[in-house]
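Data block below; observations after.
The values are calculated or read from the model by the stated rules, or taken from the named source; none is laboratory data. Note that the coordinates shown come from a computational prediction; the quantities given were computed from them, not determined experimentally. In this analysis, Cβ positions are derived from the backbone assuming ideal geometry, glycine residues included, and neighbour counts consider all displayed protein chains. SASA here: full protein model, heavy atoms, side chains in, ligands and nucleic acids out. Shrake-Rupley method; radii C 1.70, N 1.55, O 1.52, S 1.80 Å.
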Amino acid sequence: MASISSIYSSSPTLNFQNNQNAFPNSIRRRSRSHLPFYQTRPKLTETQTQTQTRSVARVVPTNLSAVQSTSHRLEKDPRALWRRYVDWLYQHKEVGLYLDVSRVGFTDEFVTEMEPRLQDALIAMEKLEKGAIANPDEGRMVGHYWLRDSNRAPNLFLKSQIDKTLDAICGFADDVVSGKIKPPSSPEGRFTQILSVGIGGSALGPQFVAEALAPDNPPLKIRFIDNTDPAGIDHQIAQLGPELASTLVIVISKSGGTPETRNGLLEVQKAFREAGLNFPKQGVAITQENSLLDNTARIEGWLARFPMFDWVGGRTSEMSAVGLLPAALQTIDIREMLLGASLMDEANRSTVIKNNPAALLALCWYWATDGVGSKDMVILPYKDSLLLFSRYLQQLVMESLGKEYDLDGNQVNQGISVYGNKGSTDQHAYIQQLREGVHNFFATFIEVLRDRPPGHDWELEPGVTCGDYLFGMLQGTRSALYSNDRESITVTVQEVTPRSVGALVALYERAVGIYASLVNINAYHQPGVEAGKKAAGEVLALQKRVLAVLNEASCKEPVEPLTIEEVAERCHAPEDIEVIYKIVAHMAANDRALIAEGNCGSPRSVKVFLGECNVDDLFA
Ligand SMILES: O=P(O)(O)OC[C@H]1O[C@H](O)[C@H](O)[C@@H](O)[C@@H]1O
């Protein structure tokens, strides 16, 4: 998780204070060591690429590579496949979940060779659950498993923090839903909408759970601002219309300093001002204690604040206030979600690999991707309400496993790519390529046995329901892929319920942790994300310098239009000329007092000046 200072030090504009001053008073010269954003990762030379390949090879023991998927032919005899299905089928009775790994072609020899490594991974997981510093780079414990079983927290203080927060969430949600806590100026007299502002791990879990579990007509309907796209934000606010007066705004950010979330908040606050509404009486913050967001909410007297804990990462925060508060406000049974997760956690502690679904998943991933991410994970839930599962897993898996270095400092460039939407819809989009095209994936089907609530089904043709078609499509695709040597895992749940959704989240969280141990990486940090954030800050800082240079030239009599080269020179940033051109083009397209003359298709012809100059700023 990025520290606040690292975000703010990179750009003076990325600050929770609304900075109205677009023109800096002084222009700082960039140090030579300050690389422009597009140069942050130099290309590897041929020798480096070879070194990289060698270190990748090091994480796969040579004795394993001989028995792995690439050289192995899949079993095709139906009776042998049925035996394999029965032998390997995992069932969790209390959750109503099954895991079928029979269509992944791992051999017995592979399982035997992986056994000691899986046992090591389970020991590492046990230590993590007991409070070890499992995220060494950030010196942090990794405690999302304690959230659903606080008795497992390593000390009483953490346990009471978890319990108190859960009670506070339930109490607050009950009071909002019952109308005891009301918005100050809504004609309805109660909150009817939730606007959740957050990004990444502070959005994806709540989005997935809302789509999966919210009732058709929840007492509070949720919508999300999860980007700094102004048109997207306007769209959400416009759709709320007069109901802004009865909207509970939940701002979620672990660090409390993520620029997109800060911007979303400022935009929403502006909408409240324009509607004559009192934002603090409708605002809730979920963030780490003493973060900028926390302090802002405290000082401004927001309606409520809920903590995010240092030891819970964003992408594993669904069972913290981040996921639980929005869910509870939609009357989703969060205690059942927590129970589903803790039941699944318990199963995932089994040291018998066949009885440990997370270990089985990790084993399959390792087999299918040769332990180096050589194949993508395609997630295909055959249920509309699970549409966002793949998006949720994309962050969980890719941010956790996508790492340049392993724990010993070897360059490994690990990861598994994740994508997918839902079946059978995707059969009409890209299954053609999956079956016959480039063989670079393995599929995971998510099957839901219950088609509709009891008593609602009907036969649209004799003996066949709509749900039977969905079922048939899944089975047909699974077998069509397999017959063409495409491997698949099937996770089956009885129904989409708070319990099964909690269990699915827990299953994949643990599988990611175990897999990370198998490939010896830290699953709990995200150093690569910082580069993009830092680069964005640099672009915005450069934009201010461009404006200052243009302001100076535009205040001259007569106005001095500048070429892009001249702007770059005067910014003392000739190496950033391309970004400067893009800054100019973006500002010109947005009527920002900047006039660009010439043909945008040939950037050298463009001359630029400001429509209005700011003399005060020039002499400030
Ligand atoms: O919750 P926040 O601190 O606002 O962070 C939101 C997101 O920011 C970054 O992109 C991190 O890589 C994500 O892991 C995190 O979920």
Compactness of segment 389-507 as Cα Rg over 2.2 N^0.38 Å, two decimals: 1.30
Whole-Å distance, taken between Cα centres, linking segment 475-536 and segment 307-331: 19
Equivalent-ellipsoid semi-axes of the chain, from the Cα gyration tensor, Å, largest first: 45, 32, 24
Residue-averaged 222 nm ellipticity for the chain, from DSSP H runs of 4+ at -39500 (n - 2.57), nearest 500: -14000 deg cm²/dmol
In sequence order, calculated HN-Hα J values of segment 113-126 (Karplus, 6.51, -1.76, 1.60; Hz; x Gly/Pro): 5, 7, 3, x, 6, 5, 4, 4, 5, 5, 5, 4, 5, 5
Size-normalised alpha-carbon gyration radius of segment 141-199, reference 2.2 N^0.38 Å: 1.54
Peptide ranges 463-476, 93-106, 255-268 listed from the most packed, as the mean C-beta count within 10 angstrom indicates: 255-268, 93-106, 463-476
FRET efficiency, Asp591 to Ala275 (Cβ-Cβ, R0 30 Å, nearest 0.05): 0.75
Residue-wise HN-Hα coupling along segment 490-498, computed from phi with Karplus coefficients 6.51, -1.76, 1.60 (Hz; x: Gly, Pro): 10, 9, 10, 10, 4, 8, 8, 10, x
Karplus-derived HN-Hα couplings along segment 336-344 (A = 6.51, B = -1.76, C = 1.60, θ = phi - 60°), whole Hz, x at Gly and Pro: 5, 4, 5, 5, x, 5, 6, 4, 5
Dipole of segment 167-270, positive direction: furthest Cα of Ala212, Leu265, Ile233, with charges on the beta-carbon: Leu265
Extension gain from Glu126 to Arg298, taking 0.36 nm per residue of separation minus the Cα-Cα distance: 58.2 nm
Overall Cα dimensions of segment 186-295, principal axis frame, Å, largest first: 34, 34, 28
Rg/Rh (Cα only; Kirkwood hydrodynamic radius) as it applies to segment 84-137: 1.10
Cα Rg, Dmax, segment 407-468, angstrom units: 19.0, 63
Kirkwood hydrodynamic radius (C-alpha pairs) into Stokes-Einstein, segment 462-597, 4 °C and 1.567 mPa s, D in µm²/s: 61
The chain - Cys residues lacking any other Cys C-beta under 4.7 Å: Cys170, Cys364, Cys466, Cys571, Cys600
Whole-Å distance, taken between Cα centres, linking segment 544-620 and segment 334-384: 54
Dimensionless Rg over Rh [segment 317-432; C-alpha; Kirkwood]: 1.01
Dimensions in Å of segment 109-240 - Rg and Dmax from alpha carbons: 20.9, 69
Per residue solvent-accessible surface (Å²) - segment 426-519, probe of 1.4 Å: 41
Cross-link pairs Lys127/Lys403; Lys221/Lys533; Lys544/Lys582 - those with Cα-Cα distance over 25 Å: Lys221/Lys533
Rounded to 5, the percent of DSSP beta bridges in the chain classed as antiparallel: 35
Per principal axis, descending, Cα span of segment 475-551 in whole Å: 65, 32, 28
Segment 250-343 - Rg and Dmax from Cα coordinates, angstrom: 14.3, 48
Relative packing of peptides 532-538, 489-495 - highest average C-beta neighbours within 10 Å first: 489-495, 532-538
Ranked packing of 559-572, 127-140, 358-371, most packed first, by mean Cβ within 10 Å: 358-371, 559-572, 127-140
